[in-house]
1. Only one of (1) touching an Asp or Glu at 6+ places or on another chain (Cβ under 8 Å); (2) without any contact (Cβ under 8 Å) to a residue 24 or more places away in the chain; (3) of a type outside the set (A, V, I, L, M) fails for SER255. Which number is that?
2. For region 188-207, enumerate the residues that are buried (at least 19 other Cβ atoms within 10 Å of the Cβ) and within 25 Å of ASP287 (Cβ to Cβ).
3. Given the residues ASN283, ASN295, ASN316, which is the only one that is surrounded by fewer than 16 Cβ atoms within 10 Å (Cβ to Cβ), in contact with a Pro (Cβ under 9 Å, 6 or more places away or on another chain) and under 15 Å from ARG124 (Cα atoms)?
4. Name the residues in region 127-144 that are over 11 Å from ILE236 (Cα atoms), in contact with a helix residue (DSSP H, G or I) (Cβ under 8 Å, 6 or more places away or on another chain) and crowded, with 16+ Cβ neighbours inside 10 Å, would you?
5. Could you tell me which residue of region 307-337 is nearest to SER160 (Cα to Cα), considering only residues that are β-branched (Val, Ile, Thr) and not in a loop (DSSP other than H, G, I, E, B)?
Amino acid sequence: MKPTLTRLLAALAFTAAALPALAEEVVVYSARNEQLIKPLFDAYTRETGVQVKFITDKEGPLMARLKAEGKNTPADMLLTVDAGNLWQASEEGLLRPIRSQTLLANVPAHLRDPDNEWFGLSVRARTIVYNTGKVKPAELSTYEDLASPKWKGRLCLRTSKKVYNQSLVAMMITEYGEGKTEDMVRGWVGNLATAPFPDDTKVMEAVAAGQCDVTLVNTYYFGRLMEKSPNLPLAIFWPNQNLKNKAAGVHVNISGAGVTRHAKNPAGAQKLIEWLSSDKAQNLFADVNLEYPVNPKVSPDKTVAAWGGFKQNLINVKEAGSLQTKAVKLMDRAGYK
């Protein structure tokens with residue numbers, strides 16, 4: 001070999017060795033807002049060197065995008081809120097099974113897909129909030145009791161159009177059957193003080209103002225409102241705690257994630273989901289939105305812990321999706337707008 005060629009090959013070899021290796025990248029489609037996930041992904045990159053590229057949008061457009069992109073999607077992971085949305089993604093063939101002992105250990109069975117295509121990463125409880133100046137805790141007991149005559153003209157609700165209420169009713173169909181659930185929802189509608197509100201914050205503000213006495217909301221909305229206005233006469237009540245039914249308890253839902261069917265880096269996406277379920281990441285994931293960690297070994301933020309402990313309903317949250325269509329039709333029949 002000529003000396004000039006030898007020197008050229010040596011120089012190329014040296015240059016290649018000097019170049020940094022391309023950083024591994026995981027691409028996430030997220031229905032969770034940027035301010036809630038960017039600090040997490042930045043922490044993951046600092047710890048592992050893996051770059052996390054993410055695109056945020058509503059869950060509907062993100063799933064439509066995954067379907068349209070098919071095998072050409074850049075997304076490795078779908079992160080979204082509400083088990084109904086995760087169930088739909090699975091039903092539409094957008095996710096793949098994950099084989100992970102770590103996730104099986106960190107995520108309770110009722111908060112993950114039975115086929116392991118998605119896993120919960122934080123817990124949100126849909127519970128009762130009441131006006132402390134107008135209601136005594138002893139008056140409260142169950143979701144069903146809010147349909148009783150004593151709450152006539154005292155109940156406010158968020159619209160049935162929101163997936164959170166659709167999921168709640170779907171879970172109740174699983175627990176009580178369609179007939180009893182419809183009777184209960186009709187009772188709620190009959191007890192309304194006014195037309196349903198567009199969001200959880202506005203419905204709690206109505207309760208605080210005395211427009212009604214009691215409502216149903218996701219706990220993190222309560223936390224956000226009370227941080228902003230700590231003197232509002234509002235408090236949380238945990239329903240369905242003393243029933244004999246094994247599944248009885250507060251109805252919970254999740255935010256969670258799965259690996260996309262056509263992921264280019266499925267192993268990297270799985271490692272990221274595992275990390276998000278770990279002790280070190282769970283408080284980062286849940287605390288920023290005043291949610292509960294899905295990992296039972298992790299304690300919630302002190303603000304959340306101050307609301308007191310409660311027993312969760314142990315029905316698998318996938319029912320929030322599988323019975324959602326029935327729930328929507330039931331609420332329509334019951335006149336719940």
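1. Of everything listed in (1) touching an Asp or Glu at 6+ places or on another chain (Cβ under 8 Å); (2) without any contact (Cβ under 8 Å) to a residue 24 or more places away in the chain; (3) of a type outside the set (A, V, I, L, M), SER255 misses just condition (2).
2. ASP200, VAL203, MET204
3. Details: ASN295 fails: surrounded by fewer than 16 Cβ atoms within 10 Å (Cβ to Cβ); ASN316 fails: surrounded by fewer than 16 Cβ atoms within 10 Å (Cβ to Cβ).
Just one listed residue meets the conditions, ASN283.
4. Narrowing region 127-144 to residues over 11 Å from ILE236 (Cα atoms): 133-136, 138-139, 141-144.
Filter again for in contact with a helix residue (DSSP H, G or I) (Cβ under 8 Å, 6 or more places away or on another chain), leaving 139, 143-144.
Matches in region 127-144: TYR143, GLU144.
5. Within region 307-337, the subset β-branched (Val, Ile, Thr) is 315, 317, 325, 328.
When the remaining residues are screened for being not in a loop (DSSP other than H, G, I, E, B), the result is 325, 328.
Working: THR325: 12, VAL328: 8 Å.
Top of the filtered list is VAL328.
Only the coordinates and a few stated rules stand behind these numbers; no lab work does. Bear in mind the structure is a predicted one, so any value in this text is a computation, not a measurement. A quick note on method: Cβ atoms are made from the backbone with ideal geometry, for glycine too, and the neighbour counts reach across all protein chains shown.
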